[in-house]
Amino acid sequence: MKICFSSTGASLDSTLDNRFGRCRYFVLFDSDSREVTAIENKGVNSPHGAGVAAATQISNENVDVIVTCNMGPNAMDIINTSGSKIYEGKLDTLENNFKLLESKDLEELKRPGAKHFGLRNRGR
């Protein structure tokens, strides 16, 4: 299974980022081969549409599962169309979130977080 984590860093020791569209990295983990790949989120500094950019980027990675804390409605629409499942992770390491996913202790994220409007909400 190919899993994507929204992450603050580039390894499984990193903390899950509570944002999907504005996370710094996506860490891809193949649970079969144990291969870890970190990719920079291309939409992180977008003035608007970061969630859409992030969702499009991850849709192209053909992941089975996404673990994040929340996801906006536009990003969720794109991910739902791609067929990936979304799970609500914990603000903990990616490794611990993987263990929670594996033991079925993460809930599927069915509702998007609140829509917001770009970098204005980040104090810029």
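The values are calculated or read from the model by the stated rules, or taken from the named source; none is laboratory data. Every value quoted in this text rests on a predicted model; they were computed, and no experiment measured them. Cβ coordinates were reconstructed from backbone atoms using ideal geometry, including for glycine residues, and neighbour counts include every protein chain displayed. All accessible areas refer to the heavy atoms of the entire protein, side chains included, with ligands and DNA or RNA removed. Shrake-Rupley method; radii C 1.70, N 1.55, O 1.52, S 1.80 Å.
What 222 nm value per residue comes from the helices of the chain, counting each DSSP H run with n ≥ 4 as -39,500 (n - 2.57) and dividing by all residues, nearest 500 deg cm²/dmol?
About -7000 deg cm²/dmol.
Can you work out the Karplus-derived ³J(HN,Hα) for every residue in the range 47-58? Use 6.51 cos²θ - 1.76 cosθ + 1.60 with θ = phi - 60°, whole Hz, and x for glycine or proline.
x, 7, x, 4, x, 5, 4, 5, 5, 5, 4, 6
On a 0 to 90° scale, report how tilted helix 73-82 is relative to the longest principal axis of the chain, with both axes built from alpha carbons and the result rounded to the nearest 10.
40
Taking the alpha carbon gyration tensor of the range 11-67, what are the square roots of 5 times its eigenvalues, largest first, to the nearest whole Å?
20, 13, 9
Taking loop as defined by DSSP and a crowding limit of 15 other beta carbons within 10 Å, which trypsin sites (Lys or Arg not before Pro) in the range 37-102 fit? Let's see the in-between values first.
Numbers: sites: 42, 85, 90, 99; in loops: 42, 90.
Qualifying residues, ordered by number: 42, 90.
Leaving ligands, DNA and RNA out of it, rank 106, 100 by accessible area with a 1.4 Å probe, largest first.
Sorted by accessible area, descending: 100, 106.
Nearest-5 percent of antiparallel DSSP beta bridges in the chain?
Antiparallel bridges: around 70 percent, rounded to the nearest 5.
Which of the listed residues, 50, 63, 39, is farthest toward the dipole's positive end in the chain, when Lys, Arg count +1 and Asp, Glu count -1 at the beta-carbon?
Farthest along the dipole direction, towards plus: 50.
Report the extension gain between residue 1 and residue 18 in nm, rounded to one decimal, defined as 0.36 nm multiplied by the number of residues separating them, less their alpha carbon distance.
Value of the extension gain: 3.9 nm.
Within the range 68-118, report the chymotrypsin sites (Phe, Trp or Tyr not before Pro) that DSSP leaves as loop and that have at most 10 other Cβ atoms within 10 Å.
Sparse-neighbourhood loop chymotrypsin sites (Phe, Trp or Tyr not before Pro): 117.
For the chain, compute the number of Lys pairs whose alpha carbons are separated by less than 18 Å, excluding pairs fewer than 8 positions apart on the same chain.
9
Between residue 110 and residue 42, what length comes free when the chain is fully extended (0.36 nm per residue of separation minus the Cα-Cα distance, one decimal in nm)?
Values: separation 68, 0.36 × 68 = 24.48 nm, distance 2.46 nm.
Roughly 22.0 nm would be gained on extension.
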